[in-house]
Amino acid sequence: MKQDDKLAASAESVAKAWGGYSVLVVDDEPGMVNFIRRALEVRCGSVQTAGSVEEAEPLVAQQRFDLIVLDISLPGQSGVSWLKVLRERGVNSEVILMTAFADVETAIDALRAGASDFLLKPFSLAQLINSAKRAFERARLEAENWVLRREVASHASRSNVSADGLIGHSAAIMELRALVQRFAPMPSTVLIQGESGTGKEVVARALHQLSPRANASFVPVNCAAIAQELIESELFGHIKGAYTGAASSRDGLFYYARGGTLFLDEIAELPLPIQAKLLRVLEERRIRPLGSEQEIKVDVRVIAASNKPLAQEVEAGRFRADLYYRLQVLELALPPLRERTEDLPELAAHFMALLSPALGVEPVEVEPAVVAAMAAYDWPGNVRELKNLIERSLILGYVPRDLPCTRAVALPVAANLASSTEASDESLNEVETRHIRSVLAACGGNKSEAARRLGISRKTLERKCLAWGE
Ligand SMILES: Nc1ncnc2c1ncn2[C@@H]1O[C@H](COP(=O)(O)OP(=O)(O)OP(=O)(O)O)[C@@H](O)[C@H]1O
Ligand SMILES: [Mg+2]
């Protein structure tokens, strides 16, 4: 009894550190099978058992196991020879082989066959648990590496990972923030729409971070960046030989996102046949790897984004209406930057603070005249365009005056150089004054806060106020 308690306690403590892994134990000794099952069951959740290769075959055909604990001497086919067959088929589960009669040759043979570890019988509970722990760790790292490699490869220029959280206090952003908080804890699908650079990915990451899934993976997929013929296999996985060139089986992104969030970016680019498959997956929460007969249950929250209005895509017959309705259970529309220009100073200051240490340069001052010019500009590239402007300004050490968004600022300079044209000078000053006053008002007259939002020093702001006699 005491031994049992100890076993359960130790299994439980390991369990806390492990995710929901699936295990298959194959051994013809019921005592051994029970011992392993009890040791691993608590957290692994699903531990299945078989007494022979014959019994194990249908189980492996039915589902993918993260770990197979396999005895070498079994009635009928031996563990080593079955493992070779499994590897041939492209089954990539972690495998721990067990034997009572180990010699060097058996061990080498086992490793060659594709085992990742080896346990000599009789082994202790601690040995078993350590070995399983290492196997899960390898599986996790392998999955993580793959996801990271994809992310790095497909998005080499993803400087946006460093920016987290939504910046801005305009009414539109406040409303968006409230919706994000309300939607985040729900398991429902979210559709994020908005022009390019409005922060769709920022919002998707925020939804994940604020959800109960925050500790599991956030897996972004840019549907426009994957070759059309590979999309199905990337999303749902494939088994060996599913198509020419599929040399081994591979899990899909849905599988890697288990327990977490899959972010389907630029969803409008999904080919129609894949749209049909995605709809089925969303409805049944099961995926079927390419070429496989078996379906795998997956628990994944899907967030989709599009910069093309999906309703229009549906009308044009390029997007399935049923999938559209399935995706927009919860919908978020991101406002373009030109509709929330009051956020410009805060955004500019944010990017300044974010980028200047990374670039190793001092922040530059954004004169109110520049801010006014920015407010009048229509920002087709939205926040991304602003971020790029700030990055360029930091590198130059000043805000360039000849860009579409800052061009108006060039006017007074040119005017000063030539004969002074008071009218244009004045109107610009008026724009500047109005803008500063509105920011001041938004900050309840708090000059430090207003200066921060305007991206100027408090001194400069005070000078301006004095000039108006305030
Ligand atoms: N509200 C915001 N607060 C902070 N940073 C933001 C905000 N909105 C956007 N950004 C930044 O702007 C850049 C573009 O954002 P993001 O990549 O999320 O846009 P997107 O809508 O996904 O664009 P696209 O449609 O081109 O993929 C990123 O660097 C992001 O960090
Ligand atoms: Mg994006």
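Each label point is 7 Å from the Cα along the Cα-to-Cβ direction; what then is the distance between the points at ARG134 and ARG338, in nm?
The modelled label-to-label distance comes out at 6.2 nm.
What do you get for the angle between helix 53-62 and the principal long axis of the chain? Use alpha-carbon atoms, 0 to 90 degrees, nearest ten.
So the inclination is approximately 20 degrees.
In Å, what Kirkwood hydrodynamic radius results for the stretch 349-412 from the alpha-carbon pair distances? Let's see the in-between values first.
Details: mean 1/r = 0.0844 Å⁻¹.
Result for the stretch 349-412, one decimal place: 11.8 Å.
Near the amide H of GLY260, under 5 Å away, which other amide H atoms are found, from residues 5 or more places off or on another chain, if H is placed in the peptide plane?
Placed amide hydrogens put SER217, ARG301 under 5 Å from GLY260.
For the Cα atoms of the chain, what angle does the longest principal axis make with the long axis of helix 2-17, in degrees from 0 to 90, nearest 10?
Computed tilt is about 30 degrees.
Just want to confirm a number: the relative contact order over the chain, from Cα pairs under 8 angstrom separated by 6+ residues, in percent.
Numbers: 726 pairs, mean separation 54.7, N = 470.
Here the relative contact order equals 12 percent.
Can you work out the Karplus-derived ³J(HN,Hα) for every residue in the stretch 186-203? Use 6.51 cos²θ - 1.76 cosθ + 1.60 with θ = phi - 60°, whole Hz, and x for glycine or proline.
In residue order, the calculated couplings are 7, x, 5, 5, 10, 10, 10, 10, x, 4, 4, x, 8, x, 4, 6, 4, 5 Hz.
Per residue of the stretch 81-92, in order, report the coupling 6.51 cos²θ - 1.76 cosθ + 1.60 (Karplus, θ = phi - 60°) as ³J(HN,Hα) in whole Hz, putting x for Gly and Pro.
Coupling constants for the stretch 81-92: 5, 5, 4, 4, 4, 4, 5, 4, 6, x, 5, 10 Hz.
Looking at the stretch 65-120 from every direction and averaging, what is the projected area of its Cα convex hull in nm²?
Working: hull surface 14.1 nm².
Result: 3.5 nm².
Could you derive backbone 3J(HN,Hα) for the stretch 310-316 from the dihedral phi with the Karplus parameters 6.51, -1.76 and 1.60 (θ = phi - 60°), listing whole Hz in sequence and x where the residue is Gly or Pro?
5, 4, 5, 5, 5, 4, 7
From the mean inverse distance of alpha carbon pairs (Kirkwood) and the Cα radius of gyration, derive Rg over Rh for the chain. Numbers along the way, then the final one.
Details: Rg = 29.6 Å, Rh = 26.3 Å.
With Rh from the inverse mean 1/r over Cα pairs, Rg/Rh is 1.13.
Divide by every residue of the chain the summed helix terms, -39500 (n - 2.57) for each DSSP H run of at least 4, and state the resulting mean residue ellipticity at 222 nm, rounded to the nearest 500 deg cm²/dmol. Present the calculation step by step, with values, prior to reporting the outcome.
Values: 20 runs with 237 residues, N = 470.
Helix-only estimate at 222 nm: -15500 deg cm²/dmol.
Under 5 Å between amide H atoms, partner at least 5 residues away or on a different chain: which partners does LYS121 have, H built in plane at 1.01 Å?
THR99, ALA100
Please provide three numbers in whole Å: the alpha-carbon extents of the stretch 166-335 along the principal axes, with the largest listed first.
54, 39, 25
Where a ≥ b ≥ c are the square roots of the eigenvalues of the C-alpha gyration tensor, would you call the stretch 89-137 rounded, which needs a/c under 1.5, or, failing that, prolate if a/b is larger than b/c, or oblate? Walk me through the numbers on the way to the answer.
Values: a/c = 2.56, a/b = 1.05, b/c = 2.42.
It is oblate, given that a/c is not under 1.5 and a/b is not larger than b/c.
Using a simple charge model, +1 on the beta-carbon of Lys and Arg, -1 on the beta-carbon of Asp and Glu, nothing else, what dipole does the chain show about its Cα centre, in debye to the nearest 20?
Details: 54 positive and 61 negative charges, 112 e Å.
Magnitude of the dipole: close to 540 debye.
Considering only DSSP beta bridges whose two residues both sit in the chain, what percent are antiparallel, to the nearest 5?
Details: 4 of 40 bridges.
Antiparallel bridges: around 10 percent, rounded to the nearest 5.
Helix 104-113 against the longest principal axis of the chain: what's the angle in degrees, Cα atoms only, rounded to the nearest 10?
Between helix and principal axis, roughly 50 degrees.
Hey, with R₀ at 41 Å, roughly what FRET efficiency would ALA227 and LEU396 work out to, going by the Cβ-Cβ distance, to 0.05? Kindly include the intermediate steps, with their values, before the conclusion.
Numbers: r = 39 Å, r/R0 = 0.94.
E between ALA227 and LEU396, to the nearest 0.05, is 0.60.
List, in the order given, every pair from LYS240/LYS277; LYS200/LYS387; LYS240/LYS297 whose Cα-Cα distance in the structure shown is over 22 Å. List each step's numbers first, then the result.
Numbers: LYS240/LYS277 20 Å; LYS200/LYS387 15 Å; LYS240/LYS297 20 Å.
Those over the limit do not exist; all pairs fall within it.
Bear in mind that the values in this text are calculations on the coordinates, not laboratory data. Every value quoted in this text rests on a predicted model; they were computed, and no experiment measured them. Don't worry about glycine lacking a Cβ; one is built from the backbone with ideal geometry, like all the others, and counts go over all protein chains shown.
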